[in-house]
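A.B. asks: Quick one: the structure is below, questions incoming.
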Amino acid sequence: MEEEIFDAPTVTVTDETGLTLDCYVEHNLSVDGEDYVLLLPVDSTIEIVSWQDDGTDDEEAVLVEDPSQIDRILPTAKAVLSEQNLTIKRTAVVLTVEGDLPELAEEEYSEDKGDDEDEQEELQLLASFYHEDQEYAIYAHLDPYFILARMGEDGKPILLSPEELKRLEPMLPMIEDQLFDVLE
C-alpha cells in the first residue's frame, strides 16, 4: 500500500484533559470575524463498540464512550491490534490507530445508519475481542473524520466547547456548503 503524502500543514489540538491529536489543516474559514480551521487527524480514526443483547436474536452495537470503560479495555484492544501492526492511540476527540489499515474485505465493511437515514457512516471492521465476558469490536472510519476548531490568538487551534458548537449550529449548513465547495 502506498503511503499518502499530504501537503497540508499539521497542528496539534489538545482537549481539556490534556490528550493531544495531530491533524492536517484541510481548510481555513472565517465566520462572524472568528477564524476557524477544518482539521483531519493524521492517523486513522476508530471507534470501539460493545455488542449488547437487545432481547431478540440480534445484538445491538453500542459505542464505547465512557473514559473509564475505555481505560479498562484499552490494553486488550492494543494487544489485538498489535497483531495487525497497528498501534492504538488514546487521543483528543477520537481514538486513532497508527499503521497501515488492512485491505478492505467485503465482510469487514459496515454501514451504520445512525439515527438518520441520511447519515450513513462507512466503517471497516479491524478486530473483535472479549474483555470480562463482553464482546467488543474495533472499527475504522472509512470516511474522513473532520474536526472544526477555532484558531486562538497564539495561532493554535482550540477545540470548540459545547456552547460554541451550539452558537455555530444555525450557521453549520452554510459552513458545510462553503467547505464542500472548496473540497470538491
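A.B. asks: Return the only residue of GLU111, GLU65 being modelled with pLDDT under 95 and closer than 23 Å to ASP15 by Cβ.
C.D. replies: GLU65
A.B. asks: I'd like the residue in the stretch 50-90 that is within 16 Å of the chain's Cα centre (by Cα) and more than 20 Å from ASP22 (Cβ to Cβ) and, out of all such residues, is surrounded by the most Cβ atoms within 10 Å (Cβ to Cβ).
C.D. replies: In this case the residue turns out to be VAL64.
A.B. asks: Starting from residues that are among the hydroxyl-bearing types (Ser, Thr, Tyr) and surrounded by 16 or more Cβ atoms within 10 Å (Cβ to Cβ), keep the ones in the stretch 130-159 and report whichever is nearest to the chain's Cα centre (by Cα).
C.D. replies: If we take residues in the stretch 130-159 being among the hydroxyl-bearing types (Ser, Thr, Tyr) and surrounded by 16 or more Cβ atoms within 10 Å (Cβ to Cβ), then TYR145 is nearest to the chain's Cα centre (by Cα).
A.B. asks: How many residues does the stretch 18-31 contain that are in contact (Cβ under 8 Å) with a residue 40 or more places away in the chain and either out of contact with any strand residue (DSSP E or B) (no Cβ under 8 Å at 6 or more places or on another chain) or more than 13 Å from LYS156 (Cα to Cα) (or both)?
C.D. replies: 5
A.B. asks: Scan the stretch 43-74 residue by residue and report those that are aliphatic (A, V, I, L, M) and without any contact (Cβ under 8 Å) to a residue 40 or more places away in the chain.
C.D. replies: Selection gives VAL62, LEU63, ILE70, LEU74.
A.B. asks: In the stretch 5-17, how many residues are under 14 Å from LEU159 (Cα atoms) and either modelled with pLDDT under 90 or not in a loop (DSSP other than H, G, I, E, B) (or both)?
C.D. replies: Residues flagged as under 14 Å from LEU159 (Cα atoms) and either modelled with pLDDT under 90 or not in a loop (DSSP other than H, G, I, E, B) (or both) within the stretch 5-17 amount to 4.
Yes/no per residue for (1) outside the structural domain of LEU125 (by TED's automatic domain parsing); (2) among the hydroxyl-bearing types (Ser, Thr, Tyr); (3) assigned to a loop (DSSP other than H, G, I, E, B):
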residue: VAL49; (1), (2), (3): no, no, no
residue: THR56; (1), (2), (3): no, yes, yes
residue: ALA61; (1), (2), (3): no, no, no
residue: GLN69; (1), (2), (3): no, no, no
residue: ALA77; (1), (2), (3): no, no, no
residue: LEU81; (1), (2), (3): no, no, no
residue: ILE88; (1), (2), (3): no, no, no
residue: VAL93; (1), (2), (3): no, no, yes
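A.B. asks: Take the residues in the stretch 28-49 that are among the polar types (S, T, N, Q) and either loosely packed, with under 11 Cβ neighbours inside 10 Å or at pLDDT 95 or above (or both), then tell me which one is farthest from LEU148 (Cα to Cα).
C.D. replies: Residue satisfying both the conditions and the ranking: SER44.
The values are calculated or read from the model by the stated rules, or taken from the named source; none is laboratory data. Just so it is clear, the model here is predicted, and its values are computed rather than measured. Please note: Cβ atoms are built from the backbone with ideal geometry, for glycine as well, and neighbour counts cover all protein chains shown.
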